[in-house]
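Please treat every number below as a calculation from the coordinates, not as lab data. Keep in mind the model is a prediction, meaning the values are calculated, not measured.
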């Protein structure tokens, strides 16, 4: 599943900002790889900035609510926030794995079938590792095994 190389060397940034992957170009050629790398890195940076904001807020605002109800409400809010950060930590691991797949020339190909993952799916879920069909089969198998 090696990446198909294209001839686009794209040294300028301006045209690349407007670039959108197209089915009319080689799948996972250099332009598409750069596009998805930038998308993944921007997503990761956004998550890390949110996490830094949460950490600053946690340090600046200790829970010292005098009213028991207010304190319980604040604790619930923080619990939800921390669960969100935990999910985002796991998402960062998936983003890092996707970046490794780009480096290895495996990004954009289904880990089950080896077929290309639709560009629209990668746009919507850049960390996708399976085609929609393979993902649906996987989820059906999981449901079946849970029910047994």
For the range 69-84 and the range 94-115, distance of Cα centres in Å: 37
Normalised convex hull volume, the range 79-137, alpha-carbon set, Å³ per residue: 91
Shape box of the range 32-116 [Cα atoms, principal axes, largest first, Å]: 58, 24, 14
